[in-house]
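A short worksheet on the structure shown next.
The values are calculated or read from the model by the stated rules, or taken from the named source; none is laboratory data. Because the structure is predicted, anything quoted here is derived from the model rather than measured. Neighbour counts are summed over all protein chains in view; Cβ atoms, including those assigned to glycine, are modelled from backbone coordinates with ideal geometry.
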Amino acid sequence: MPDTDPDSALFDVVIVGAGPAGLTAGIYASRGRLKTAILERNMAGGQIALTDLVENYPGFPEGISGFDLSQKMKEQAEQFGAEVREIEGVSAVARDSEGGFAVVTDRGTIRTRSVILAPGVEPRRSGIPGEADFIGRGVSWCATCDGALYRGRTVAVIGGGDSAVEEGMFLTKFADKVYIVHRRDELRAARIAQERAFANSKFEFVWDSVPRRIEGKDMVEALEVESVKTGEQRSLPVNGVFVYIGQDPNTAWLEGVVELDDHGYIVTDELQRTNLTGVFACGDATVGPLKQIARAVGDGALAAVQAEKYLDAAGGSTAAPA
Ligand code: NDP
C-alpha cells in the first residue's frame, strides 16, 4: 500500500463504482454535504449503460434506455457536488494511520474518511474452446454494443436468464435468426420476457443443450452444442455468439479487506455496513436475492445515509461541497 499524499484532498466518502447503486449513494452523500468522489473504472452506468431498454424501473412507463438512465443519475450526482471520476479503477482500500482510508487508484492514492463499495458485477465467461479466440470477431457479451453488426445474419445466445432473453430479443431487431441455447427445458427469465420470446418467430430454442466449442476461420462460423440428455452433438451455423450465463462480482481485490461470501459477494448487515467499520457496500456485488436497479438504488441510498451517520459520530463532515 503506497503512502497517501498528506496534502491531497481528504474526502468524506469515496464511492467505488458508478452504477445505479454507486451513483445513488453519491446523490445522497453529496446532498448530505459530504465531500464525495465516485470512482469508476469504465464509464458511469455499470451494467445498465449496456442495456438497450429498462422497462422495470419506476417512473418510466415507456421504458428508458439504460445509457440515458445512467447519464441522468450521473448528472444528478454531479449537480449536488459529487465528483464523478471515470476511467479510474480502484485496486486497493486499506485503513490509514489516521483512522480513515487510503484508496489506491490507477492515478494515485486518495484519502477518505469512509468508503462505499459498489463495484458491481461483470458477465461470466463460458470458458469453452474458441470463446477467447473470437472475442471481437463474433463472440460478445454486449448485444447493445455489437447487435447492429449482425443485420441479416444468424446468432446464438447462450443462457436462459433475463439477460439472455432480453438481449436475445434486442438481437432480433437485426439478426434474421437467434438461437437460444439453454441447458434446461425451461427458461429462468421473468414470465413477461418469456412470453415475448415465445411469440417471436426469429427465436429458435435449443433446449437441454450446453455449448461445447466455437468454430471459425477469421470470424465465428459455428457453435457446437451438446444435448445434456442424449449426448448428441450439433453444429449451429452462426455468425455470432452472445454469452449470457450469469455474472460474477468485481471483488477479487477486496479479498482479505471485507468479508465476502463463498461466491465473492460482499457481506453486509441490514444497514449496508461491511465488517470493516467505516466501509459500506451496495449494489449487485453485495449478497442479496434481487439483482435489480430498484434494489441497487435503495441500498445505495441507505449506504450513504449510514456513512453520513458514521461520520457524524466521528466528528462531522470535512468540507461542504460548493
Ligand atoms: P442468471 O444467473 O439469472 O442466468 C444465467 C443463465 O445462464 C441461466 O439460465 C443458467 O442456467 C445459465 N447458465 C449458467 N451457467 C451456465 C453454463 N456454464 N453453461 C450454460 N448455461 C449456463 O444471469 P443473468 O445475467 O441473466 O441475470 C443476472 C441477474 O440480473 C438476475 O438476477 C436477473 O434477474 C437480473 N437481470 C434483470 C433484468 C431485468 O429485470 N430486466 C435484465 C437482466 C438481468 P439455469 O437457468 O439452468 O441456471
Name every residue in the stretch 273-308 that is within 12 Å of the ligand (Cβ to nearest atom) and either among the acidic types (Asp, Glu) or not in a loop (DSSP other than H, G, I, E, B) (or both), in order of residue number. ASP284, ILE293, ALA294, ARG295, ALA296
So how many residues does the stretch 44-59 have that are more than 8 Å from the ligand (Cβ to nearest atom), in contact with a helix residue (DSSP H, G or I) (Cβ under 8 Å, 6 or more places away or on another chain) and part of a loop (DSSP other than H, G, I, E, B)? 6
Scanning the stretch 89-125 residue by residue, those more than 16 Å from the ligand (Cβ to nearest atom), touching a helix residue (DSSP H, G or I) at 6+ places or on another chain (Cβ under 8 Å), within 26 Å of HIS263 (Cα to Cα) and assigned to a loop (DSSP other than H, G, I, E, B) turn out to be SER114
Just to be sure I understand the filter: pairs with C-beta atoms under 7 Å, separated by 6 or more residues or on different chains, first member in the stretch 209-221 and acidic (Asp, Glu), second member within 16 Å of the ligand (Cβ to nearest atom) and part of a strand (DSSP E or B). Which pairs pass? GLU215/GLU224
So GLY231 fits all but one of (1) on the phi > 0 side of the Ramachandran plot; (2) more than 15 Å from the ligand (Cβ to nearest atom); (3) buried (at least 18 other Cβ atoms within 10 Å of the Cβ); (4) not aromatic (Phe, Trp, Tyr); what number is the exception? (3)
Looking at the stretch 173-185, I want the residues that are at pLDDT 95 or above and assigned to a strand (DSSP E or B) and have a partner that is of a type in the set (Gly, Ala, Ser) and more than 10 Å from the ligand (Cβ to nearest atom) with Cβ atoms under 6 Å, at least 6 apart or on another chain. Which pairs are those? VAL178/GLY168; TYR179/ALA156; ILE180/GLY168; VAL181/ALA156
Keeping to the stretch 198-214, report how many residues are farther than 13 Å from VAL155 by Cα and surrounded by fewer than 18 Cβ atoms within 10 Å (Cβ to Cβ). 9
